[in-house]
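Asks: Supplied in structure tokens, the structure appears directly below.
The values are calculated or read from the model by the stated rules, or taken from the named source; none is laboratory data. Just so it is clear, the structure is predicted and the values come from calculations on it, not from any experiment. For neighbour counting, all protein chains shown are included, and Cβ atoms are generated from backbone atoms with ideal geometry for every residue, glycine included. Heavy atoms of the whole protein, side chains included, go into the accessibility calculation; ligands, DNA and RNA do not. Shrake-Rupley method; radii C 1.70, N 1.55, O 1.52, S 1.80 Å.
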Amino acid sequence: MAAPREMTPYQQAVAVASLLAPGFVVPNDCRPPPLDSPYSMPNAPRAYRSGVHAGVDFLCSTAGHPVVSVLDGQVVVAAGDYQDPTLQEWNEILAVATALGATPDYTLAMLSGRYVVVDHGIIDDVGHVVSLYAHLDAVDPGIGVGMSVDAGQRLGGIGNTGTRAGVLGDAYGQLHLHWNFYVDGQYLGAGLSESETRAVYAELFKYATGTEPRPEPGTVDAGTGLHDQDGDSFAPRPGPAGPGTLTPSGHRPLDEPVSLDQALEAATRLSDDIVVPSDCQAVPLRWPSALPNAPRAYRSGTHQGVDFGCARLGQPVVAALAGRVVMAVGDFEDPSPRQRSRLLDTAAALGATPAYTLVMLYGNYVAVDHGIIDGVGHVVSLYAHLDGLDSGIRPGLWVEAGERLGTIGNSGTYAGASRSADAGLHLHWELHIDGHYLGIGLPAADTRAVYTALFADAGGTQQ
Ligand SMILES: [Zn+2]
């Protein structure tokens, strides 16, 4: 066999589409896929949020028309309790994106409205495949985190949650499925030209739309797309990080390393205003495993937050700084331990925690956008494993520092999956600056110094 040769990103995307096409189903059959509408396709600009479209928009004027899984897989996110913010709140959240010139991660998550993510596992010669279905009117009652779904199985119905029409309360405007298709953490076709993008998705849907007769199972030459005219085999490679790379997990590479001095300066500037998000116990500054950068072997990843232990269920969790809620997931139901293990097996095989697996591990969570803070950058905080959210906590809501968001729990943890109500109780809290957790990449002693500085003025709770 000839030595593998490197493929262009376009050749690689077509090869992936060819391999997946035989089992593929269109996620919404209301109309043909919008291959001839570049604005509805990946790589189209989205000026309103200073970003690039990463998915395909399937327009459908029938609210509730079925949205189905494109391949067999396992549900990893089922966020069905989203409520649209008011127009003014929405405008203020998007003003931050405009000022930054990019859509922050959790703002993008908010713009998904009610959404489902399906993990299709690691597919031979393709990679780790994940699909996302956004703006649903509702997530089907039977669809829960951890459950297995078949290609063609209904996940929810067409809606407009997370769109401007949804915000305006217009039941008929902007009804569509926004559908993302990720391979190894990046949307298929990222960075390709308009015509190349069209060709990749046409290949993906060629059997599902009847453009070509669907082959009998077992008759597909899976290697078709993987050989050039000389018969040499190509070696698919992970694409470069870029727009649409899944980032809530902090997997986005740093443009340049953040130094200890920079992290300390940011922490010191924030320390005047910061409130300890859980005062159940002292801030765990002496336990490296409770701080960012600690290894998390069970998911082949790195801890990016602070774990505030708390032995009592239902203790308050409060906002660490004033800001606007952008994500508020309060309807999380833990998968079974076995379902959870399956998703973590994929992380082990990849040697990293996939972005939406990390979202699953948050359980019930709130993300608060603190805007752009002088001398620091764009600041977002996240509160995970909550038992429940306080009533009224929803995207768009302004909260003051110290204002209650919800209560301590163990949702998303092993104890949560095991239905052990009083085990593993803690707040997992993250502080992100310009899309990366504070102190990313620093050694343990430096990380401790940064978080000690952050909480230096926060009262008598530190050790
Ligand atoms: Zn944690």
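Asks: For a quick check of your reading of the model, give me the residue pairs whose first member lies in region 363-385 and is assigned to a strand (DSSP E or B), whose second is among the polar types (S, T, N, Q) and within 16 Å of the ligand (Cβ to nearest atom), with beta-carbon atoms closer than 6 Å and at least 6 apart or on different chains.
Replies: Every condition considered, the pairs that remain are ASN364/SER411; VAL368/SER381; HIS385/ASN410; HIS385/SER411; HIS385/THR413.
Asks: Let me ask something additional. Can you find, within region 381-410, the residue that is nearest to THR163 (Cα to Cα) among those that are in contact with a helix residue (DSSP H, G or I) (Cβ under 8 Å, 6 or more places away or on another chain) and within 16 Å of the ligand (Cβ to nearest atom)?
Replies: Ranking the candidates gives LEU382 first.
Asks: Just the residues that are open to solvent by 20 Å² or more (accessible area, probe 1.4 Å) and at positive phi, please, taken from region 78-125.
Replies: Across region 78-125, the qualifying residues are GLY101, ASP125.
Asks: Mind counting the residues in region 183-200 that are surrounded by 23 or more Cβ atoms within 10 Å (Cβ to Cβ) and at positive phi?
Replies: Final tally of qualifying residues: 2.
Asks: Does region 361-369 contain at least one residue that is at negative phi and more than 16 Å from the ligand (Cβ to nearest atom)?
Replies: yes
Asks: Of the residues GLY330, GLY351, GLY388, GLY371, only one is at pLDDT below 95 and open to solvent by 10 Å² or more (accessible area, probe 1.4 Å); which?
Replies: GLY351
Asks: If you scan region 172-182, which residues turn out to be open to solvent by less than 60 Å² (accessible area, probe 1.4 Å) and either at pLDDT below 95 or small (Gly, Ala, Ser) (or both)?
Replies: Residue satisfying the conditions is GLY173 alone.
Asks: For region 237-265, what are the residues that are closer than 25 Å to ALA322 by Cβ, modelled with pLDDT of 90 or more and open to solvent by 10 Å² or more (accessible area, probe 1.4 Å)?
Replies: GLN262, LEU264, GLU265, listed by residue number.
Asks: Which is touching a Pro at 6+ places or on another chain (Cβ under 9 Å), assigned by TED's automatic domain parsing to the domain that holds GLY157 and among the small types (Gly, Ala, Ser), of ALA78, ALA54?
Replies: Of the residues listed, the single one that is touching a Pro at 6+ places or on another chain (Cβ under 9 Å), assigned by TED's automatic domain parsing to the domain that holds GLY157 and among the small types (Gly, Ala, Ser) is ALA54.
Asks: Could I ask something else about it? Check GLY424 against each of (1) surrounded by fewer than 22 Cβ atoms within 10 Å (Cβ to Cβ); (2) more than 13 Å from the ligand (Cβ to nearest atom) and name the one condition it does not meet.
Replies: (2)
Asks: Could you list, in sequence order, all residues of region 161-186 that are more than 19 Å from VAL67 (Cα to Cα) and part of a strand (DSSP E or B)?
Replies: Of everything in region 161-186, those that are more than 19 Å from VAL67 (Cα to Cα) and part of a strand (DSSP E or B) turn out to be VAL183, GLN186.
Asks: Please go through (1) over 15 Å from TYR207 (Cβ atoms); (2) open to solvent by 20 Å² or more (accessible area, probe 1.4 Å) for VAL56 and return the number of the only condition it doesn't satisfy.
Replies: (2)
Asks: Here's another thing I want to ask about it. Pull out all pairs, ordered by first then second residue, where Cβ-Cβ is under 7 Å, the residues are six or more apart or on different chains, the first lies in region 412-431 and is among the hydroxyl-bearing types (Ser, Thr, Tyr), and the second is within 15 Å of the ligand (Cβ to nearest atom) and open to solvent by 10 Å² or more (accessible area, probe 1.4 Å).
Replies: As it stands, the answer is THR413/HIS385; THR413/GLY424; TYR414/GLY424, since those pairs meet every condition given.
Asks: Just give me the residues in region 279-334 being within 12 Å of the ligand (Cβ to nearest atom) and either in a loop (DSSP other than H, G, I, E, B) or not assigned by TED's automatic domain parsing to the domain that holds HIS428 (or both), in sequence order.
Replies: Once the filter is applied, which keeps residues that are within 12 Å of the ligand (Cβ to nearest atom) and either in a loop (DSSP other than H, G, I, E, B) or not assigned by TED's automatic domain parsing to the domain that holds HIS428 (or both), region 279-334 yields PRO284, TRP287, LEU291, PRO292, ASN293, ALA294, HIS303, GLN304, GLY305.
Asks: Would you mind stating whether VAL16 is part of a strand (DSSP E or B) and assigned by TED's automatic domain parsing to the domain that holds ASP124?
Replies: Answer is no for this residue.
Asks: More than 22 Å from ALA78 (Cα to Cα) and open to solvent by less than 10 Å² (accessible area, probe 1.4 Å): which single residue out of TYR365, TYR383, TYR451 fits that description?
Replies: TYR451
Asks: While we're looking at this one, here's another question. Return the pairs, sorted by first residue and then second, in which the second residue is open to solvent by 30 Å² or more (accessible area, probe 1.4 Å) and part of a loop (DSSP other than H, G, I, E, B), the first residue lies in region 124-147 and is touching a residue at least 12 places away in the same chain (Cβ under 8 Å) and within 18 Å of LEU59 (Cα to Cα), the beta carbons are less than 6 Å apart, and the residues are 6+ apart or on different chains.
Replies: What qualifies is ASP137/ALA63.
Asks: Which one is nearest to PRO213 (Cα to Cα), of the residues in region 16-39 that are free of Cβ contacts under 8 Å to residues at least 40 places away in the same chain and out of contact with any Ser or Thr (no Cβ under 8 Å at 6 or more places or on another chain)?
Replies: Within region 16-39, the match that is nearest to PRO213 (Cα to Cα) is ASP29.
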